[in-house]
Amino acid sequence: MTRYFDASALVKRYVRETGSVMVRRLLAAGIVASSRLSEVEVSSGVIRRAREGAFTSQRRDRILAAFQRDVPALAIVEMTPEITADARALLLRHSLRAGDAIQLASCLYLQRHLGQPIPAVAFDRRLVQAARAEGLTVITARGRHLRGTKAARVATTEREPD
């Protein structure tokens, strides 16, 4: 099974916090997809936590190195004009930050192109709400599967491949 992980979920693989055990379990089972943006967002989160004193610079460097070793195993959704256009439209419909709009647009793009439901693993409240409103099932920190609030749009929004 393919699951889409936003950066807030991926960082839990490297930083122990609520949801880390569940994220590690999900990462070990199935295909892990994420946006290219996650490379920057995960690195930013780790660096910020180190600056705030959560761990040493040596630990920060080990975490960043481990993440870079893991990136090739991810199914990366590249940022394309289609994804950025979708992200802009999502910003009009939902109260999202730019990065979260790109993450959500990337997951929806992947779902359209694979032609099957793709559960999203995310921990940001606004992103979870927007993903559900867009019809996605979202897996949260407690391992709950929150179903989308409208019918999944895999078949009805499928676009022709580029």
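For this structure, a couple of remarks:
- Folded to 0 to 90 degrees: helix 81-93 orientation relative to the chain principal axis, Cα: 90
- With Cα atoms defining each centre, the stretch 1-70 and the stretch 80-101 are spaced 23 Å apart in the structure.
- With all pairs of different C-alpha atoms in the average, the Kirkwood value for the hydrodynamic radius of the stretch 1-97 is 14.5 Å.
- Helix 57-70 axis, angle to the chain major axis (alpha carbon atoms, nearest 10°): 40
- Loop sites here are GluC sites (Glu not before Pro) outside DSSP states H, G, I, E and B with no more than 16 other Cβ atoms within 10 Å. The longest part of the chain free of them is 79-157.
- For the residues R24, R62, R132, a GNM of the chain with alpha-carbon springs under 10 Å puts the largest fluctuation on R62.
- Dipole axis of the chain (+1 Lys, Arg; -1 Asp, Glu on Cβ), positive-most option in S35, A75, M1: M1
- Computed from Cα positions, the angle between helix 98-114 and the longest principal axis of the chain comes to roughly 60 degrees.
- The mean sequence separation of alpha-carbon pairs under 8 Å and at least six residues apart, normalised by the residue count of the stretch 1-118, gives a relative contact order of 28 percent.
- Rounded to the nearest 20 debye, dipole of the stretch 2-146 from Cβ charges on Lys, Arg, Asp, Glu: 580
- Each distinct pair of alpha carbons in the chain adds a 1/r term; the inverse of their mean, the Kirkwood radius, is 16.0 Å.
- Dipole magnitude of the stretch 88-148 about its Cα centre (Cβ charges: Lys, Arg +1; Asp, Glu -1), debye to nearest 20: 160
Quick note: the coordinates plus some simple rules give every number you see, no bench work behind them. If you're wondering where the values come from, they're calculated on a predicted model, not measured in any experiment. Using ideal geometry, Cβ is built from the backbone for each residue, glycine included, and neighbour counts are taken over all protein chains shown.
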